[in-house]
Amino acid sequence: MESIFSRYHVVYETICRVNGKRYIGVHSTDSLDDGYLGSGSRLKRDIRKFGRTEFTRQVLSHHTTRSEALQEEARLVDAAWLNRPDVYNLYVGGGSNPRAGGTRVFSPEHREKLRLAQTGKKIGPMSEETKQKIGASNRGNSRPDLAEYNRKIKAGKTISWSPDAIMKRSMSLKEWYQTPEGIAARANLSVRMKENNPSQR
């Protein structure tokens with residue numbers, strides 16, 4: 001966990017030797033040789049893909065406090081930096097990750113991909129047909145047997161099991177009673193019965 005109480009506060013740049021992509025970040029640490037490369041999701045994905053040996057990290061600047069380091073990161077990692085095709089950073093610098101209340105800046109190419117993904121999709125209230133389908137699915141009507149069972153239960157009707165269903169249920173209980181859980185359950189039941197019925201003691 002990075003801390004404001006760490007000995008060193010640096011702004012660093014990590015570069016991938018394979019594709020030339022770069023990541024600028026802030027790192028607070030007690031050891032400058034801790035092997036830290038960065039925490040960006042794209043960066044981590046490529047570290048897993050190519051291996052740590054394909055990445056180099058260089059310290060761009062040292063700072064007295066983490067706050068100063070974040071200010072420098074904010075100066076370097078701006079919207080222009082994010083729009084470059086050779087960077088891993090997703091958010092403007094200075095602690096602007098959405099988890100910290102910041103915002104993400106999308107490149108023009110990314111905005112176009114988002115626009116195309118939404119092309120042809122209906123935006124607005126759901127049609128009655130869609131509402132009916134969702135309702136039917138939530139009520140279990142996609143399973144007619146289950147829907148009929150639930151309807152009978154709500155109506156207060158007794159469910160009669162077919163001889164075949166009774167046989168299957170009986171067989172599954174017999175198998176369960178042979179398991180360690182079943183054996184323990186039978187033993188507990190036997191003890192409780194003896195406690196409640198003095199004549200069986």
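The values are calculated or read from the model by the stated rules, or taken from the named source; none is laboratory data. Just so it is clear, the model here is predicted, and its values are computed rather than measured. We place every Cβ from the backbone using ideal geometry, glycine too, and count neighbours over all the protein chains shown.
All of 113, 131 fail the test of being closer than 30 Å to residue 25 by Cβ, modelled with pLDDT of 75 or more and more than 22 Å from the chain's Cα centre (by Cα), apart from 113. Restricting 18, 26 to those that are outside any helix (DSSP H, G or I) and surrounded by 15 or more Cβ atoms within 10 Å (Cβ to Cβ) reduces the list to 26.
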